[in-house]
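K.L.:
Before we start, here is the structure in question, set down as structure tokens.
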Amino acid sequence: MDKKPVNKQDAGKVLLEEISGAAQEQQGKTRIGRILLIPVLAVFTGLVIGGIFIVVTTESVYAAFGQSFGAGLSEALRTVWNSYVALFTGSLGSPTRIITALQSGDPLEVRRAFNPILESLVASTPYIFAGLSVALGFRAGVFNIGAEGQIFIGAATATFVGYAVKGLPAIIHIPLALLAGAAGGAIWGLIPGWLKAKTGGHEVINTIMMNYIAFRLSDWLLTGPMKRPESFNPVSPTILDSAKLPRFFDDPIRFHMGFFIALAIAWVVYWFLFKTTWGFELRTVGSNPFAGRYAGMNVARNTILAMTLAGALAGLAGANEVLGVNHNLAMAFSSGYGFDSIALALLGNSHPLGVVLASLLFGTLRNGATPMQVSLGIPNDIISVLQAVILMFIAAPAIIRTIYRLKQPAQEQPGIHLSMK
Amino acid sequence: MTTQAFHKKIETISPTRERIMGVVFLALAFSIYFFFSRDVASDQITKFELTPGGLTSVLPTWVLPSMGTLNILAIAAAILGGVQLAKGFKRYTNWVLAVVVALFVFGFLVWAAAGKSLNLGGLLSTTLSKAVPITLGALSGILCERAGVINIAIEGMMLAGAMVGALVGSLTNNWLGLLSAVAVGALMGLLLGVLSIKYKTNQIIAGTVINILSTGLTSYISAKFMQRYMEINNPQIFKSFPIPGLADIPFFGPIFFNNNLFIYAMFLFLILLHVGLFYTRWGLRMRSVGEHPKAADTLGINVIRTRYLSVLLGGMMASFAGAYFTLGSVGRFDEVMTAGRGFIGLAAMIFGNWMPFGAFGAGLLFGFADSLASRLAILQIEIPSQFLLMAPYVATMIVLAGVVGRGQAPASEGIPYEKE
């Protein structure tokens with residue numbers, strides 16, 4: 001086979017293709033395969049590397065290798081197998097248990113058998129919101145590294161509306177609290193967006209600074225104005241029942257409406273980005289600000305809009321956690337969603353559907369990590385290692401191609417090339 | 001892009017900014033008067049103890065009449081503001097701003113300690129020790145960014161250095177611990193280099209990879225081994241030793257010259273990096289690679305190699321900063337113990353305008369905010385300490401917005417170099 005010449009994309013051509021939709025039609029099925037190939041291989045390789053890491057840090061493997069090489073090898077494989085079985089039965093449920101539960105017909109037993117998988121959906125929900133936030137930013141050419149802070153502020157404002165606004169029916173109170181969360185996050189995104197558009201202060205630095213301002217602010221809120229009066233711990237009052245997102249099953253299942261709201265929001269983001277003029281402008285400015293400006297688009301306004309919307313989405317993630325799961329605001333409850341969401345957005349190719357799928361994966365991993373920690377003593381921080389490795393492979397697909405001897409595609413996927421200027 | 005950067009460097013201070021600064025000075029002067037001076041009783045006195053601790057003090061306590069001092073400070077700030085509005089300090093504006101802010105901070109201390117006593121020596125001594133990891137982190141950022149590679153992974157590199165320093169330090173001795181910490185930093189720097197130079201990954205994402213990876217790995221090893229077996233999490237810390245002669249200087253001697261290895265090393269690195277960057281061939285090459293790699297390449301400078309060397313050194317510097325936590329101050333490793341110091345280091349780098357001594361100044365300022373915050377409760381001030389702790393971040397955003405004059409980031413940072 002002869003090599004195809006690598007043609008550089010120029011902005012005008014991209015713009016034309018976007019308008020006519022020619023690119024999508026041409027590529028058809030192979031395109032889906034190619035889009036999925038790298039992420040799937042990245043996740044697989046991530047799991048392999050995680051397995052190696054587990055083996056290297058397990059004492060029993062060393063003991064077995066001391067006896068003989070064969071014993072060591074089988075002990076190593078057994079360790080990895082046990083770990084991942086524990087991870088996935090912890091997050092998806094054990095099939096035998098589900099079958100026996102269904103046969104016994106005991107409702108409590110059935111709920112318990114299905115709890116792991118529903119709990120994975122609960123864990124995925126904030127990831128969907130936060131991943132959408134970063135993905136929307138990427139599409140618009142801004143790097144929202146501040147989802148963490150926006151989640152905090154969104155959670156704080158939603159909590160406040162949740163416990164302080166009294167006497168509303170749930171049908172009004174829940175949307176109001178969600179809106180408050182979105183608004184809080186939006187403000188936290190608006191400030192760096194505005195600073196970027198008006199002064200050129202880079203949003204990466206500003207959102208990092210905003211993260212830490214948010215931490216300090218919520219620290220102050222929880223030890224001061226929003227502190228639960230009867231408590232010594234920095235925790236807010238519990239939100240009213242009318243602000244709680246409805247749950248679908250009895251205890252212990254925490255599966256709540258937030259998941260479906262997240263799916264709906266993902267669809268809205270898709271619709272906004274790909275079916276509206278505003279979304280089109282956002283993406284055009286994102287892929288090539290010069291072309292956008294040339295076409296008469298207001299780059300500054302789009303930057304502000306993108307950061308505000310990204311902030312609102314991350315704020316919803318915080319609101320969702322408070323209204324659906326925790327029912328109060330505690331210190332540092334967000335625990336790394338903000339940085340993980342960067343990995344999510346990239347894994348999902350900054351597309352809402354991709355983000356939802358990536359979130360389901362990350363939620364599953366995260367949910368399974370705790371049972372794995374309890375049963376096998378493998379710290380759940382292994383998940384961060386997996387996520388970092390996956391992120392690395394997605395960001396540098398050339399590494400994956402080298403490992404699996406894949407050919408360089410004729411047309412490189414447009415990656416994220418944000419300049420620091 | 002580059003021509004813009006060159007234009008920026010000869011940019012003078014605009015008349016509008018001169019006026020804004022004048023108003024800011026006057027506002028600070030009025031604040032000293034209204035919030036501080038009018039809040040103290042006329043007969044109150046402020047006592048500043050001048051005992052940095054450790055050595056016996058030879059200086060008597062500094063006693064000031066609170067209100068009189070505050071009024072003098074307010075008048076001084078107001079005069080500077082008036083001159084600024086009438087004539088303008090031109091290119092010295094930022095220095096005058098620093099003076100006015102210093103007056104304001106001193107006024108704050110006089111007010112906070114009115115009728116009480118505050119140990120100024122202790123305050124300054126903790127300021128310095130809190131500034132150490134921040135400044136070293138900022139130096140790591142400068143090393144990378146001057147060569148054109150953004151390093152937001154300072155935090156992750158610090159954590160790795162702290163963990164490995166504690167682990168190896170407990171198993172062997174603290175010197176080997178420090179050495180391994182620095183070696184791990186070099187590895188992390190290499191990873192940043194491979195991702196951002198070889199694979200041309202977005203540098204922010206490359207940094208995020210390292211941050212997540214390092215948080216995960218260190219927490220994993222800590223939870224699995226170090227919290228369970230205390231004997232591998234119990235390193236010897238480097239002891240303080242006075243520098244003969246200099247340590248006997250009253251007041252400043254004990255603050256600056258009775259410290260441990262890390263603080264002396266910080267001063268050494270500051271001087272080395274400053275001289276290296278601006279007075280040696282190596283520094284000139286590094287800066288040219290960060291500003292205009294193509295021109296540097298044309299002149300025969302190996303851009304790729306220069307960048308690799310810089311990120312390696314940057315990684316080593318960051319993990320040295322991390323080792324300070326376990327081998328220089330706390331003496332054990334805890335999960336995510338750096339608590340965002342790496343990101344403050346990043347802020348200090350920007351605040352200090354990518355200059356080593358600028359970063360040290362910023363580090364001192366941020367360290368001061370930190371050590372003051374922990375004393376507010378003792379002085380029974382009703383200002384929540386969290387707001388003081390926010391100050392570094394807010395200040396950095398203000399600097400970044402160009403209110404105090406735009407910083408001059410290396411022109412080509414964040415852009416992978418492609419040889420044509």
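The values are calculated or read from the model by the stated rules, or taken from the named source; none is laboratory data. Note that the structure is predicted; figures quoted are calculated from it, not measured. Neighbour counts run over all protein chains shown; Cβ positions are idealised from the backbone, glycine included. Note: accessible area is taken over every heavy atom of the protein model, side chains too, but ligands, DNA and RNA are not part of it. Shrake-Rupley method; radii C 1.70, N 1.55, O 1.52, S 1.80 Å.
K.L.:
Accessible area, 1.4 Å probe, largest first: how do A:W194, B:W354, A:W278 sort? Present the calculation step by step, with values, prior to reporting the outcome.
P.N.:
On the way: A:W194 125, B:W354 15, A:W278 150 Å².
The ordering from most to least exposed comes out as A:W278, A:W194, B:W354.
K.L.:
Please give the direction-averaged projected area of the C-alpha convex hull for the stretch B:121-400, in square nanometres with one decimal.
P.N.:
Working: hull surface 63.7 nm².
Averaged projected hull area, Cα only: 15.9 nm².
K.L.:
Another question, then. Placing unit charges on C-beta atoms (Lys and Arg positive, Asp and Glu negative, everything else neutral), compute the dipole magnitude of chain B about its Cα centre in debye, rounded to 20. Can you show the working numbers first?
P.N.:
Values: 28 positive and 18 negative charges, 170 e Å.
Here the size comes out at about 820 debye.
K.L.:
Given the options A:L282, B:L97, B:T126, identify the residue whose Cα lies farthest towards the positive end of the charge dipole of the protein assembly as shown (+1 on Cβ of Lys, Arg; -1 on Cβ of Asp, Glu).
P.N.:
Value: A:L282.
K.L.:
Here's something else I'd like to know. Using the structure shown, list the pairs from A:K407/B:K200; A:K166/A:K227; B:K198/B:K294; B:K130/B:K198; B:K47/B:K239; B:K130/B:K239 with a Cα-Cα distance above 24 Å, or answer none. Provide the component values of the computation, followed by the final result.
P.N.:
Working: A:K407/B:K200 18 Å; A:K166/A:K227 18 Å; B:K198/B:K294 17 Å; B:K130/B:K198 36 Å; B:K47/B:K239 31 Å; B:K130/B:K239 17 Å.
Pairs exceeding the cut-off: B:K130/B:K198; B:K47/B:K239.
K.L.:
Equivalent ellipsoid semi-axes for the protein assembly as shown, as square roots of 5 times the alpha carbon gyration tensor eigenvalues: give them largest first, rounded to whole Å.
P.N.:
Values: eigenvalues 380, 212, 198 Å².
Whole-Å semi-axes of the equivalent ellipsoid: 44, 33, 31.
K.L.:
Okay, next question. Other chains' Cβ within 10 Å of B:222-230 residues: what's the mean? If you can, show how the numbers build up before the last one.
P.N.:
Working: counts 2, 7, 10, 3, 0, 1, 1, 0, 0.
Counting Cβ atoms of other protein chains within 10 Å of each residue's Cβ and averaging gives 3.
K.L.:
Let me spell out the model: positive unit charges on the Cβ of Lys and Arg, negative unit charges on the Cβ of Asp and Glu, origin at the Cα centre of the stretch B:271-420. What dipole size does that give, in debye rounded to 20? Don't skip to the end; give the middle numbers.
P.N.:
On the way: 11 positive and 9 negative charges, 89 e Å.
Taking the Cα centre of the stretch B:271-420 as origin, the dipole is about 420 debye.
K.L.:
Probe 1.4 Å, all protein chains in place: accessible area of A:V48 in Å², nearest 10?
P.N.:
70 Å²
K.L.:
With unit charges on the beta carbon (Lys/Arg positive, Asp/Glu negative), name the residue among A:A291, A:G131, A:A156 whose Cα is farthest towards the positive pole of the charge dipole of the stretch A:128-359.
P.N.:
A:A291
K.L.:
How much accessible surface area, in Å² rounded to 10, belongs to the heavy atoms of B:D334 with a 1.4 Å probe?
P.N.:
Answer for B:D334: close to 50 Å² accessible.
K.L.:
For a quick check of understanding: with a 1.4 angstrom probe and all protein chains in place, what accessible area in square angstrom does A:H327 have, to the nearest ten?
P.N.:
30 Å²
K.L.:
Under a Cβ-only charge scheme (Lys and Arg +1, Asp and Glu -1), can you give me the dipole magnitude of the stretch A:128-359 about the Cα centre, in debye to the nearest 20?
P.N.:
Details: 14 positive and 10 negative charges, 113 e Å.
Dipole magnitude for the stretch A:128-359 comes out near 540 debye.
K.L.:
Follow-up. Under a 1.4 angstrom probe, counting protein chains only, how are A:M209, B:M316 ranked by accessible area, largest first? Provide the component values of the computation, followed by the final result.
P.N.:
Numbers: A:M209 0, B:M316 65 Å².
Largest to smallest exposure gives the sequence B:M316, A:M209.
K.L.:
Set Lys and Arg Cβ to +1 and Asp and Glu Cβ to -1, take the dipole of the stretch A:213-324 about its Cα centre, and tell me which of A:L263, A:N302, A:W220 lies farthest positive.
P.N.:
Farthest towards the positive pole: A:N302.
K.L.:
Work out which helices of chain A, taken as complete DSSP H runs, extend at least 30 Å along their axis over the Cα atoms and score a mean Kyte-Doolittle of -1.0 or more, then list them. Mind showing how you got there, number by number?
P.N.:
Working: long enough: A:22-56 (50 Å, 1.21); A:69-92 (34 Å, 0.66); A:107-139 (45 Å, 0.67); A:170-199 (43 Å, 1.18); A:299-320 (31 Å, 1.10); A:352-376 (35 Å, 0.99).
Counting only whole DSSP H runs, the qualifying helices are A:22-56, A:69-92, A:107-139, A:170-199, A:299-320, A:352-376.
K.L.:
Buried accessible area for the A:B pair, summed, 1.4 Å probe, in Å² rounded to 100?
P.N.:
On the way: alone 21190 and 19970 Å², together 36860 Å².
It comes to approximately 4300 Å² buried between A and B.
K.L.:
Could you compute the longest span of chain A free of GluC sites (Glu not before Pro) located in DSSP loops and having at most 15 other Cβ atoms within 10 Å, not counting the site residues? It would help to have the intermediate numbers written out before the result.
P.N.:
Working: sites that count: A:E230, A:E412.
Excluding the exposed sites themselves, the longest stretch runs over A:1-229.
K.L.:
Where does each of A:257-266, B:377-386 land if you order them by average Cβ count within 10 Å, highest first? Don't skip to the end; give the middle numbers.
P.N.:
Values: A:257-266: 19.3, B:377-386: 13.6.
Peptide ranking by packing, descending: A:257-266, B:377-386.
K.L.:
Would you tell me the mean number of C-beta atoms belonging to other protein chains that fall within 10 Å of each C-beta in A:379-390, as a whole number? Could the numbers behind the result be given before it?
P.N.:
On the way: counts 10, 4, 11, 6, 3, 10, 8, 3, 4, 11, 4, 2.
Per-residue shielding by partner chains comes out at 6.
K.L.:
So, one more: Which helices pass in chain B if a helix is a full DSSP H run, must span at least 20 angstrom along its long axis by Cα, and must have mean Kyte-Doolittle hydropathy not below -1.0?
P.N.:
Helix filter hits for chain B: B:15-31, B:66-86, B:93-112, B:120-146, B:154-171, B:174-193, B:203-221, B:261-279, B:303-323, B:356-376, B:385-400.
K.L.:
Probe radius 1.4 Å, ligands and nucleic acids left out: which of A:T277, B:T218, A:T402 has the largest accessible area, and how do the rest follow? Provide the component values of the computation, followed by the final result.
P.N.:
Values: A:T277 100, B:T218 5, A:T402 80 Å².
Of A:T277, B:T218, A:T402, the descending order of accessible area is A:T277, A:T402, B:T218.
K.L.:
If you don't mind, another one. Other chains' Cβ within 10 Å of A:360-370 residues: what's the mean?
P.N.:
On the way: counts 0, 0, 0, 0, 0, 0, 0, 0, 0, 0, 0.
Taking the mean over all residues of the peptide, I get 0.
K.L.:
OK, next. Quick check: pseudo-label points 7 Å beyond the Cα along Cα→Cβ at B:E231 and B:L187, how many nm apart are they?
P.N.:
With each label point 7 Å from Cα toward Cβ, the separation is 2.4 nm.
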